[in-house]
1. Show the residue pairs that are 6+ apart or on different chains and have beta-carbon atoms under 7 Å apart, the first residue being within the stretch 8-35 and under 24 Å from Leu48 (Cα atoms) and aliphatic (A, V, I, L, M), the second being surrounded by 11 or more Cβ atoms within 10 Å (Cβ to Cβ) and at pLDDT 75 or above.
2. Could you say whether any residue in the stretch 128-141 is at pLDDT below 85 and assigned to a strand (DSSP E or B)?
3. So which residues in the stretch 142-163 are open to solvent by 70 Å² or more (accessible area, probe 1.4 Å) and in a loop (DSSP other than H, G, I, E, B)?
4. Name the single residue that is nearest to the chain's Cα centre (by Cα) among those in the stretch 29-52 being surrounded by fewer than 12 Cβ atoms within 10 Å (Cβ to Cβ) and part of a loop (DSSP other than H, G, I, E, B).
5. Between Arg166, Arg108, which is open to solvent by 20 Å² or more (accessible area, probe 1.4 Å) and in contact with a Leu (Cβ under 7 Å, 6 or more places away or on another chain)?
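The values are calculated or read from the model by the stated rules, or taken from the named source; none is laboratory data. The shown structure was predicted, so the numbers you read here are calculated from the model rather than taken from an experiment. Reconstructed Cβ throughout: ideal geometry from the backbone, glycine too, with neighbour counts over all protein chains shown. For the accessible areas, the whole protein counts, side chains as well, though only heavy atoms, and no ligand, DNA or RNA atoms are used. Shrake-Rupley method; radii C 1.70, N 1.55, O 1.52, S 1.80 Å.
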Amino acid sequence: MLKGLLEETVHELFQRKLRDRTLMQDPNFKWCVKCSSGFIANPRQKRLVCPDCRSVTCASCRKPWEKQHEGLSCEAYAAWLEENNDPETQLNKHLADHGVTCPNCANRYSLSKGGCMHLTCPQCQHEFCVGCAKPFSMGAKCKVSEYCAKLGLHAHHPRNCLFYLRDKEPQLLEKLLEDNNIEYEKEAAKENFRCSVQLQRETPEGLLDSTCGLAVEKAGLCRTHFIEYLVKVIGRHKLDPVAIFDLTEVQQELRRRGKPLPIREGGQTDADYTALCAQVVQEQIPLD
């Protein structure tokens with residue numbers, strides 16, 4: 001039926017996407033890390049050989065296979081690569097610090113800052129949040145809550161996601177880290193330094209790659225990107241930011257999760273009631 005309604009090129013693209021989506025349901029299906037090919041792998045094989053480009057990779061860690069991996073666990077091999085300044089290991093470190101990994105197919109991408117936090121993976125078309133990796137879905141297809149049917153495209157971000165914390169004062173985020181004894185970069189700004197974070201800007205000719213260029217506040221970053229860095233550290237250590245939420249924020253968290261607000265006693269101060277609401281959040285709403 002679709003073939004008769006669509007242009008031939010569009011129908012072929014649809015068929016390829018449908019094929020790829022079906023194949024990816026098989027746990028033995030692997031994408032080649034060197035080219036765009038995919039193939040079914042023998043689950044007992046330690047080494048994978050791409051039938052198209054003939055590249056050889058480890059079936060577990062997906063790193064290019066070298067003789068040094070023989071007899072070593074993936075963890076030990078990764079340590080060997082780091083000690084020997086392996087270029088791919090350096091790239092992986094850069095992606096870990098500045099990139100994003102698709103939670104569906106595990107492909108990794110260098111991510112320019114700026115724009116929406118909703119990302120569609122170029123490889124598998126999975127839609128997710130770049131801050132917390134939670135999937136985006138249409139309300140009618142989301143099973144998290146009965147209220148989701150009233151929503152459009154949305155994700156259920158945990159409260160320590162950048163989606164909720166990007167408007168917090170950096171001093172509060174620093175306090176959360178320091179109260180939990182978490183180390184982070186906090187070198188003060190040097191005179192006339194500009195933030196060099198890569199980002200994309202919209203122009204009449206389309207998206208343009210550029211650098212931030214705003215004045216540095218701390219850790220070599222402008223205020224906005226310093227906040228993003230702090231939130232990333234918070235997320236990495238799975239810290240609960242409810243301790244730095246104000247009354248409005250803790251009430252919003254309760255309402256978002258369909259929890260009733262606790263009864264406020266007469267004469268109870270905002271600070272005491274905020275602490276009570278925060279306690280309910282911690283006891284009844286898991287961080288993730």
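1. Qualifying pairs under 7 Å: Leu23/Phe29; Leu23/Gly38; Met24/Cys105; Met24/Cys124; Val33/Thr57; Val33/Arg62.
2. No, the stretch 128-141 contains no residue that is at pLDDT below 85 and assigned to a strand (DSSP E or B).
3. Once the filter is applied, which keeps residues that are open to solvent by 70 Å² or more (accessible area, probe 1.4 Å) and in a loop (DSSP other than H, G, I, E, B), the stretch 142-163 yields Lys143, Val144, Leu151, Leu153.
4. The selected residue is Ser36.
5. Answer to the check: Arg108.
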